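Remarks on the structure that follows.
The values are calculated or read from the model by the stated rules, or taken from the named source; none is laboratory data. Note that the structure is a prediction, hence the values are computed from the model and not measured. All Cβ positions, glycine included, derive from the backbone under ideal geometry; neighbour counts span all protein chains shown.
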Amino acid sequence: MAEVRASWLDSDGDRLQAAGVSARALRDNPTSLAVSDDPLVRMELFYGVFVGLLKDAPGIAARRGECVLGVAAATAPGEPCVGRRLPPEARIISDPGPDASAVGRLLRVGSVSAANDLAEDHWHVGPVAVEPGFQGTGIGHAVMRMLCDHFDEQGDLAWLETDKIEDVSFYTSLGFELVKKVPVFSVASWFMRREPR
């Protein structure tokens with residue numbers, strides 16, 4: 001039986017699988033639920049976002065055989081993160097309210113991320129996801145540890161945001177420090193930074 005192994009994303013097929021894992025794993029996160037109450041709408045939106053993001057972003061995949069079970073990716077220093085890839089008008093969108101479209105609400109989430117991004121060069125971490133049903137087995141820690149080792153080898157700063165309080169302690173265990181808490185709709189996002197070791 002094949003063991004779970006972590007290695008760099010290295011094919012278009014792996015990247016598409018990683019986008020699917022990310023969409024499924026993050027579909028019901030607090031911010032995702034604020035975007036739409038329809039799980040199929042959330043899956044479609046987030047899969048599209050992650051396909052675009054993972055097309056070029058360096059990332060680590062956890063695989064069992066040919067199946068991707070987890071991913072930790074990051075946008076390289078100098079490259080725009082998801083929020084900064086939005087058109088300028090989307091970055092200043094005001095709270096679209098409860099009747100807004102899911103796309104408008106997703107743009108609002110991206111605008112908050114962009115507004116709170118670091119000015120200094122850094123790796124912008126995300127997505128970090130493990131296939132539902134395999135969470136809590138150490139896969140997330142393994143892929144993030146390998147990604148953090150890469151940051152350390154490069155001597156680079158890392159930055160991320162999370163909308164789950166339990167993830168704050170997970171990232172703290174990897175050397176991230178909490179910088180600030182910012183509301184997005186009625187949901188908190190915690191922004192964290194990690195100095196290279």
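Here are the numbers for this structure:
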quantity: Helices (runs of 4 or more DSSP H) wholly inside the range 102-197 containing at least 3 residues that are surrounded by fewer than 17 Cβ atoms within 10 Å (Cβ to Cβ) and modelled with pLDDT of 95 or more; calculated: 139-154, 165-172
quantity: Options A114, A142; residue that is over 14 Å from the mean Cα position of the chain (by Cα) and either on the phi < 0 side of the Ramachandran plot or in contact (Cβ under 8 Å) with a residue 40 or more places away in the chain (or both); calculated: A142
quantity: Residue check, E44 among the acidic types (D, E), farther than 21 Å from G140 by Cα and at pLDDT 90 or above; calculated: yes
quantity: Flag for L69 being surrounded by 15 or more Cβ atoms within 10 Å (Cβ to Cβ), part of a helix (DSSP H, G or I) and either modelled with pLDDT of 95 or more or touching an Asp or Glu at 6+ places or on another chain (Cβ under 8 Å) (or both); calculated: no
quantity: Top-ranked residue in the range 72-92 [being in a helix (DSSP H, G or I) and touching a Ser or Thr at 6+ places or on another chain (Cβ under 7 Å); ranked as modelled with the highest pLDDT]; calculated: V82
quantity: Scope the range 9-44; condition outside any helix (DSSP H, G or I), without any contact (Cβ under 8 Å) to a residue 12 or more places away in the chain and over 20 Å from L147 (Cβ atoms); matching residues; calculated: D37
quantity: Condition check for A57: out of contact with any strand residue (DSSP E or B) (no Cβ under 8 Å at 6 or more places or on another chain), modelled with pLDDT of 80 or more and among the small types (G, A, S); calculated: no
quantity: Exclusive hit being touching a residue at least 24 places away in the same chain (Cβ under 8 Å), under 25 Å from V35 (Cβ atoms) and among the β-branched types (V, I, T), set V179, V128; calculated: V128
quantity: Meets criteria (surrounded by fewer than 16 Cβ atoms within 10 Å (Cβ to Cβ), among the charged types (D, E, K, R), under 19 Å from V21 (Cα atoms) and modelled with pLDDT under 90) for D95; calculated: no
quantity: Single unsatisfied condition, A25 versus (1) modelled with pLDDT under 95; (2) of a type in the set (G, A, S); (3) under 22 Å from P183 (Cα atoms); calculated: (1)
quantity: Residue check for A57: crowded, with 19+ Cβ neighbours inside 10 Å and farther than 17 Å from G110 by Cβ; calculated: no
